[in-house]
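Engineer: Quick one: the structure is below, questions incoming.
The values are calculated or read from the model by the stated rules, or taken from the named source; none is laboratory data. Note that the coordinates shown come from a computational prediction; the quantities given were computed from them, not determined experimentally. So basically every Cβ, Gly included, is an ideal-geometry build from the backbone, and we count neighbours across all protein chains shown.
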Amino acid sequence: MISTPKTWVVTGVAGFIGSNLLQELLALGQTVIGLDNFSTGHRANLDEVLAPVGTANFRMVEGDIRDLETCRIACEGADYVLHHAALGSVPWSMDDPLRTNAVNVDGFINMLVAAKDAAVKRVVYASSSAVYGDTPDYPQLEDRLGRPLSPYAASKSINETYALAFQMSYGLQAIGLRYFNVFGRRQDPAGAYAAVIPRWIASLLRGERCRIFGDGETTRDFCYVANVIQANLLAATIGDVNATGQSYNVACAESVTLNQLFQMMRDKLALEEPRFSKATPQYDPFRPGDIRFSGASIEKAQRMLSFSPTHSVDQGLAEALEWYVEKARTSAGRLLTGAGRQTAVPVNPPTHGGAPLTVATS
């Protein structure tokens with residue numbers, strides 16, 4: 001990639017996974033066209049990535065994938081598309097299935113049409129472990145799907161069907177990546193539909209109880225974002241055409257219960273500040289649409305894409321916690337000025353190196 005740089009479109013570039021892909025591609029000397037409407041992504045994510053490297057190899061297209069012309073502008077002159085613009089939440093889709101379909105299905109078809117017309121070499125797109133639905137298989141295998149349990153799951157299943165149809169009909173090569181609970185730096189902890197790891201980190205740092213839906217024995221295959229970046233680059237550049245027109249599990253093949261996840265996070269924070277060891281979760285009723293047990297077989301991705309996770313859940317959590325704690329320190333340490341008076345107030349609990357976080361009141 002470094003010796004023969006290409007032009008890449010990253011949709012959802014201001015989001016969690018999109019901004020991490022942008023960071024890696026720019027580090028590899030690639031040219032990136034970003035597409036985002038900032039409905040769920042954040043400009044601060046782009047600022048964090050671009051501040052050290054500049055914008056010479058980056059062009060931003062601000063717009064919505066539900067608009068075909070916007071998709072065409074983004075794909076012009078591109079070699080690869082990494083499609084990550086979506087409404088990526090099961091609860092959100094339960095509340096608003098029409099918007100989920102409009103973004104995740106109609107928007108996806110727009111990107112396929114634009115990529116086809118621009119003669120893009122390959123589209124790599126985010127699918128989801130949600131497509132496995134109520135399958136009893138454990139671990140989940142790519143060729144055995146259950147019934148979808150949410151509109152979000154249905155939208156991702158439809159994406160896989162359309163991607164294959166475009167490859168068979170028009171020769172547009174496509175690879176779907178079924179993500180299993182991705183986490184890492186820049187994953188948004190705010191909002192009702194936030195993913196569990198950043199939401200719990202934020203709760204712990206605020207001294208609040210973490211909410212577990214159900215009995216805590218629900219399992220998930222948590223996958224650090226570095227593994228996802230690797231899978232995207234491999235899927236885009238793999239030379240074997242037989243690897244295209246398919247979907248692959250992207251995970252660590254390491255199922256963890258929510259109770260275990262909470263304990264891991266609490267214990268890592270307690271290494272720096274012992275008071276975290278006393279934190280306990282709050283158990284709430286199960287949520288409709290949630291899969292009970294989730295765990296991936298990654299044998300197909302290992303065999304066809306040479307995928308090999310570099311970070312276990314434990315290693316990924318260590319890196320993610322370091323990023324979130326540093327962000328919390330930076331945010332809480334800012335002084336809010338007003339009427340010429342500043343007062344530093346300790347935040348409970350202290351974190352990171354034993355130094356209390358502070359906020360300011362004016």
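Engineer: I'm checking my understanding of the structure. Among residues of the range 138-162 that are of a type in the set (S, T, Y) and closer than 18 Å to K300 by Cβ, which one is modelled with the highest pLDDT?
Structural biologist: First, pick out the residues of the range 138-162 that are of a type in the set (S, T, Y): 138, 150, 152, 155, 157, 161-162.
With the extra rule that they be closer than 18 Å to K300 by Cβ, the set shrinks to 138, 157.
Values: Y138: 87, S157: 97.
Only one residue fits best here, namely S157.
Engineer: Given N57, N110, which one is of a type in the set (S, T, N, Q), touching a strand residue (DSSP E or B) at 6+ places or on another chain (Cβ under 8 Å) and at pLDDT 95 or above? Quick ask: steps written out before the conclusion?
Structural biologist: Details: N110 fails: touching a strand residue (DSSP E or B) at 6+ places or on another chain (Cβ under 8 Å).
Checking each option against the conditions leaves just N57.
Engineer: Tell me, yes or no, whether the range 285-297 has at least one residue that is among the β-branched types (V, I, T), within 17 Å of F222 (Cβ to Cβ) and at pLDDT 95 or above. Spell out how you get there, then give the answer.
Structural biologist: Step one: filter the range 285-297 for residues among the β-branched types (V, I, T), giving 291.
Right, trim to within 17 Å of F222 (Cβ to Cβ) and you get 291.
Narrowing the set further to residues that are at pLDDT 95 or above leaves none.
No, that holds for no residue.
Engineer: Go through the range 201-250 and report how many residues are surrounded by 17 or more Cβ atoms within 10 Å (Cβ to Cβ) and charged (D, E, K, R).
Structural biologist: Counting residues in the range 201-250 that are surrounded by 17 or more Cβ atoms within 10 Å (Cβ to Cβ) and charged (D, E, K, R) gives 2.
Engineer: Among the residues of the range 8-31, is there at least one that is β-branched (V, I, T), surrounded by fewer than 21 Cβ atoms within 10 Å (Cβ to Cβ), touching a Phe, Trp or Tyr at 6+ places or on another chain (Cβ under 9 Å) and more than 17 Å from A102 (Cβ to Cβ)?
Structural biologist: Narrowing the range 8-31 to residues β-branched (V, I, T): 9-11, 13, 17, 31.
Adding the requirement that they be surrounded by fewer than 21 Cβ atoms within 10 Å (Cβ to Cβ) leaves 31.
Restricting the remaining residues to those that are touching a Phe, Trp or Tyr at 6+ places or on another chain (Cβ under 9 Å) gives 31.
The next check asks that each one be more than 17 Å from A102 (Cβ to Cβ); those that pass are 31.
Yes, because at least one residue in the range 8-31 is β-branched (V, I, T), surrounded by fewer than 21 Cβ atoms within 10 Å (Cβ to Cβ), touching a Phe, Trp or Tyr at 6+ places or on another chain (Cβ under 9 Å) and more than 17 Å from A102 (Cβ to Cβ).
Engineer: Residues in the range 101-110: is at least one in contact (Cβ under 8 Å) with a residue 24 or more places away in the chain and among the acidic types (D, E)?
Structural biologist: Within the range 101-110, the first condition is being in contact (Cβ under 8 Å) with a residue 24 or more places away in the chain, and the residues that meet it are 101-110.
Checking the rest, the ones that are also among the acidic types (D, E) come to 106.
Within the range 101-110, one or more residues are in contact (Cβ under 8 Å) with a residue 24 or more places away in the chain and among the acidic types (D, E).
Engineer: From the list D36, D47, D79, pick out the single residue that is under 17 Å from M111 (Cα atoms), charged (D, E, K, R) and free of Cβ contacts under 8 Å to residues at least 60 places away in the same chain.
Structural biologist: None of the others qualify; the one that does is D36.
Engineer: Taking only pairs six or more apart or across chains, which ones have beta-carbon atoms under 6 Å, a first residue in the range 232-255 that is within 13 Å of K121 (Cβ to Cβ), and a second residue that is of a type in the set (S, T, N, Q) and modelled with pLDDT of 95 or more?
Structural biologist: The qualifying pairs are T244/Q173.
Engineer: Given (1) out of contact with any helix residue (DSSP H, G or I) (no Cβ under 6 Å at 6 or more places or on another chain); (2) hydrophobic (A, V, I, L, M, F, W, C); (3) touching a residue at least 12 places away in the same chain (Cβ under 8 Å), where does L271 come up short, assuming only one miss?
Structural biologist: (3)
Engineer: Pick from the range 163-182 the residues that are modelled with pLDDT of 95 or more and of a type in the set (F, W, Y): which of them is surrounded by the fewest Cβ atoms within 10 Å (Cβ to Cβ)?
Structural biologist: Y170
Engineer: Which residues, taken from the range 179-200, are of a type in the set (A, V, I, L, M) and either within 13 Å of A226 (Cβ to Cβ) or touching a Gly at 6+ places or on another chain (Cβ under 6 Å) (or both)?
Structural biologist: The initial filter retains those residues of the range 179-200 that are of a type in the set (A, V, I, L, M), namely 182, 190, 192, 194-197.
Hit for the range 179-200 is V182, nothing else.
Engineer: Among the listed residues A301, A320, identify the single one that is in a helix (DSSP H, G or I), within 15 Å of E272 (Cβ to Cβ) and modelled with pLDDT of 80 or more.
Structural biologist: On the way: A301 fails: within 15 Å of E272 (Cβ to Cβ).
After ruling out the rest, the residue left standing is A320.
Engineer: Still on this structure: Could you please find all residues in the range 1-56 being in contact with a Gly (Cβ under 8 Å, 6 or more places away or on another chain) and either basic (K, R) or in a helix (DSSP H, G or I) (or both)?
Structural biologist: Passing the criteria: F16, G18, S19, N20, L22, N45, L46.
Engineer: Using beta carbons and a limit of 8 Å, which pairs, at least six apart or on different chains, have the first residue in the range 283-303 and under 20 Å from N232 (Cα atoms) and the second one outside any loop (DSSP other than H, G, I, E, B) and hydrophobic (A, V, I, L, M, F, W, C)?
Structural biologist: Matching pairs, first to second residue: A296/V250; I298/V250; A301/A231; A301/V250.
Engineer: Restricting attention to the range 73-104, report how many residues are surrounded by 17 or more Cβ atoms within 10 Å (Cβ to Cβ) and either of a type in the set (S, T, N, Q) or within 29 Å of T31 (Cβ to Cβ) (or both).
Structural biologist: Of the residues in that region, 19 qualify.
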